[in-house]
1. I'd like to verify a number: residues in region 19-46 that are outside any helix (DSSP H, G or I) and in contact (Cβ under 8 Å) with a residue 24 or more places away in the chain, how many?
2. Determine if region 76-97 includes at least one residue that is free of Cβ contacts under 8 Å to residues at least 12 places away in the same chain, over 19 Å from residue 156 (Cβ atoms) and not in a helix (DSSP H, G or I).
3. Mind checking whether some residue in region 58-72 is under 11 Å from the mean Cα position of the chain (by Cα) and surrounded by fewer than 18 Cβ atoms within 10 Å (Cβ to Cβ)?
4. Where in region 105-197 are there helices (runs of 4 or more DSSP H), lying fully within it, with 3 or more residues that are at pLDDT 75 or above and over 28 Å from residue 30 (Cα atoms)?
């Protein structure tokens, strides 16, 4: 099945590229976040709400991305406006997630956190669990506290944050491309009506 052009083939291809890149970023976010949640839950601690929220929003956004591709290929002009509205909501969601994750993470230097040797990793895991239990008693388990305990956790959470920023940029791009495609399709439709009359 050929890709619909909507009167602007380069923009339609750009939209498809944006969708593919956003799916790759979202699968990466889901994998990293699920791994991070698994590590936290294995210590019998509730994961931070920022991470759970990121996983939930990203899962729903990935499902929407997969479902939006057939609607885009159906060549309905109203579909483009509906996709624009939903993309704008997801842009807002990923922007909020990026800000919430970025606040504590932007000040962290992952290279200064722990070393990568196996003995040090075991010691860091012990310190991570001890600090985590202390934080649970104090009621202060946040993303910054959990991310800064080991170098792997730090890089993992920074990668999640970076992919969320990337998703926000990709949804901003699709929010720009979709209305232009709608306008070009309408203009092409009017030109064909005038030419046929």
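The values are calculated or read from the model by the stated rules, or taken from the named source; none is laboratory data. Computed from a prediction, not measured in an experiment: that's the story for all the values here. When we count neighbours, we look across all protein chains shown, and the Cβ atoms used for this are built from the backbone with ideal geometry, even at glycine.
1. Quick first cut of region 19-46, residues outside any helix (DSSP H, G or I) only: 42-46.
Adding the requirement that they be in contact (Cβ under 8 Å) with a residue 24 or more places away in the chain leaves 43, 45-46.
Residues flagged as outside any helix (DSSP H, G or I) and in contact (Cβ under 8 Å) with a residue 24 or more places away in the chain within region 19-46 amount to 3.
2. As a first pass, look at region 76-97 and keep what is free of Cβ contacts under 8 Å to residues at least 12 places away in the same chain: 76, 78-79, 82, 85, 89, 92, 96.
Next, from what is left, pick out any that are over 19 Å from residue 156 (Cβ atoms): 76, 78-79, 82, 85, 89, 92, 96.
Subset that is not in a helix (DSSP H, G or I): 76.
Looking for residues that are free of Cβ contacts under 8 Å to residues at least 12 places away in the same chain, over 19 Å from residue 156 (Cβ atoms) and not in a helix (DSSP H, G or I), one finds at least one in region 76-97, hence yes.
3. Yes: region 58-72 contains one or more residues that are under 11 Å from the mean Cα position of the chain (by Cα) and surrounded by fewer than 18 Cβ atoms within 10 Å (Cβ to Cβ).
4. Working: elements: 118-138, 143-147, 151-196.
Counting at least 3 such residues, we get 151-196.
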